[in-house]
1. Tell me, what % of the accessible area of the chain is carbon and sulfur with a 1.4 angstrom probe?
2. Using the Kirkwood radius over Cα pairs, work out the Stokes-Einstein diffusion coefficient for region 139-242 at 20 °C and 1.002 mPa s, in µm²/s as a whole number.
3. Between Leu172, Leu60, Leu22, where does the largest GNM mean-square fluctuation fall for the chain, given springs only between Cα atoms within less than 10 Å?
4. List the GluC sites (Glu not before Pro) within region 114-204 that DSSP assigns to loop and that have no more than 12 neighbouring Cβ atoms inside 10 Å.
5. Apply the Karplus parameterisation 6.51 cos²θ - 1.76 cosθ + 1.60, with θ equal to phi minus 60°, to every residue of region 34-39 and state each ³J(HN,Hα) to the nearest whole Hz, in sequence, with x for glycine and proline.
6. Can you compute 3J(HN,Hα) from phi for each residue in region 214-229, using the Karplus curve 6.51 cos²θ - 1.76 cosθ + 1.60 with θ = phi - 60°, rounded to whole Hz and x for Gly and Pro?
7. Just Gly201, Gly96, Gly164 to compare: in a GNM of the chain, with alpha carbon springs under 10 Å, which one fluctuates most?
8. Kindly list the residues of region 111-149 that lie in the label zone of Arg226, defined by a backbone N under 15 Å from the point 7 Å along the Cα-to-C-beta vector.
Amino acid sequence: MNEMIEQLKRHRSIRKYKPDPLAEEQLRSIVESAQAASTSSNLQAYSVVAVTDRGTKAALSRLAADQAYIAECPVFLVWCADLNRLLIAASAASEGEARIPATTEMFILATVDAALAAQNAAIAAESLGLGIVFIGGIRDDPDGVSRLLGLPKYVYPVFGMCVGYPDQEPDLRPRLPLETVLHRERYSSDSFAAGIERYDGELRRFMLTRAGGKRDTTWSKEMAQRLAIRKRDHMRTFLREKGFDLE
Ligand SMILES: Cc1cc2nc3c(=O)[nH]c(=O)nc-3n(C[C@H](O)[C@H](O)[C@H](O)COP(=O)(O)O)c2cc1C
């Protein structure tokens, strides 16, 4: 269709990296691309911490269930929802002390801003021939990550992102059929059963090929397993302590 769309549709997460570092210019272009993303009311309520230090990456890898690629990638980006900068700006501009409204809405704004910026960064990185993988695993121990990176109140780590030159060529992971995701005029679940059945077959073949015939599963089975486990129950308390009160 066009080069941009072709590039987007070639995305696959990279979990093995060459040791080659990124040029400072590349990092700057990636983050400038992130900054160009749309942002709620121009709040720009996010920050990103770029980690290249070996020791810090190794510590982050340990905090995120020992995912080795965090330590191996040349740059690990930690995307944070950030209301701290707004508070500083508003406090300087107003007579009295400014306050962050303790609303779920503020939490959503900052989290969405971080996600939009990060996805722009991912696309920019891929356009430079780099590979990425998002790392939600840093929320296994958000306190540890916050302490390690010096994240203050009103800043929380949403996810990380490995960036570097790919040292693998994984197949593209198939997605759900378009009809199950795209609704016309009104929401409808009518296409779900057939679409999911088709996708289950496709993903089963993908997993069998990828795991050398050892992993016989379907998307539905994976999702059933996933939903059966409660994960990261600590997030609610952690967010409240960070000033994201969710009232
Ligand atoms: C917010 C978010 C968090 C993720 N966390 C992890 C993670 O901790 N570890 C990992 O290996 N992949 C992680 N992923 C990558 C997904 O598993 C991957 O994007 C998905 O399976 C689709 O595969 P693809 O990106 O190769 O197309 C995460 C993706 C997102 C969007």
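1. Values: 7510 of 14520 Å².
Carbon-and-sulfur percentage of accessible area, whole number: 52.
2. D, rounded to a whole number, is 122 µm²/s.
3. Its mean-square fluctuation being the largest, the pick is Leu172.
4. Of the GluC sites (Glu not before Pro), the ones in loops of region 114-204 whose Cβ has at most 12 other Cβ atoms within 10 Å are Glu185.
5. 4, 5, 7, 5, 4, 9
6. 8, 10, 9, 8, 10, 4, 4, 5, 4, 5, 4, 4, 4, 6, 6, 10
7. Gly96
8. Hits in region 111-149 for Arg226 at 15 Å: 134-137.
The values are calculated or read from the model by the stated rules, or taken from the named source; none is laboratory data. Because the structure is predicted, anything quoted here is derived from the model rather than measured. With ideal geometry, Cβ positions are generated from the backbone for all residues, glycine too; neighbour counts draw on all protein chains shown. What goes into the accessible areas is simple: the full protein's heavy atoms, side chains included, and nothing from ligands, DNA or RNA. Shrake-Rupley method; radii C 1.70, N 1.55, O 1.52, S 1.80 Å.
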